[in-house]
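Enquirer: Got a structure for you, written out below as structure tokens; questions coming shortly.
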Amino acid sequence: MRIWIIAGALNGFLAVAFGAFAAHGLRGRVPDADLTIFQTGAHYHLVHAVAMVVVGLAALHLRHRGVSAAGWLFLVGILLFSGSLYSLGFTGSRALVMLTPVGGTAFLAGWLALAWAALRARPASV
């Protein structure tokens with residue numbers, strides 16, 4: 001499942017880029033509360049980018065559909081949770097904040113799917 005390692009690496013790049021943008025491009029331009037929210041989005045983005053790399057590595061050792069499900073759930077979580085917080089930081093609009101808890105739930109489900117896969121998987125032959 002090389003795709004999850006690639007997706008995780010690209011999302012790690014984006015998370016660092018967005019975090020740097022927040023630190024250098026948004027400071028002083030948006031209210032401090034919105035900047036903090038944007039930085040929270042970048043933090044969770046980075047953590048789950050690393051989790052996607054872990055999913056890719058886990059797929060080398062575990063044969064269970066929960067591994068791939070975890071990757072998809074982490075990706076959906078990044079898009080909804082971090083994306084909605086980035087939108088708030090860029091625009092000041094709270095139009096997408098209702099998606100934030102849905103993204104957070106996707107993150108939680110991704111971690112449960114990964115745990116389930118580790119518990120139930122057949123080891124992959126090397």
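Enquirer: For the subset of the range 21-63 comprising residues that are among the small types (Gly, Ala, Ser), farther than 30 Å from Arg122 by Cα and at pLDDT below 95, which member is surrounded by the fewest Cβ atoms within 10 Å (Cβ to Cβ)?
Expert: Gly28
Enquirer: Also: Of all residues being buried (at least 19 other Cβ atoms within 10 Å of the Cβ) and polar (S, T, N, Q) in the range 69-96, which is modelled with the lowest pLDDT? Just the residue, please.
Expert: Among them, the one singled out is Ser87.
Enquirer: Every residue in the range 97-126 that is crowded, with 16+ Cβ neighbours inside 10 Å and more than 20 Å from Met52 (Cα to Cα), please.
Expert: Leu99
Enquirer: Would you pick out the residues in the range 19-36 that are assigned to a helix (DSSP H, G or I) and either farther than 20 Å from Val47 by Cα or touching a residue at least 24 places away in the same chain (Cβ under 8 Å) (or both)?
Expert: Of everything in the range 19-36, those that are assigned to a helix (DSSP H, G or I) and either farther than 20 Å from Val47 by Cα or touching a residue at least 24 places away in the same chain (Cβ under 8 Å) (or both) turn out to be Gly19, Ala22, His24, Gly25, Leu26, Asp32, Ala33, Asp34, Leu35.
The values are calculated or read from the model by the stated rules, or taken from the named source; none is laboratory data. As the structure is a computational prediction, the values presented were derived from the model and not from experiment. No Cβ is skipped: glycine too gets one built from the backbone with ideal geometry, and neighbour counts run over all protein chains shown.
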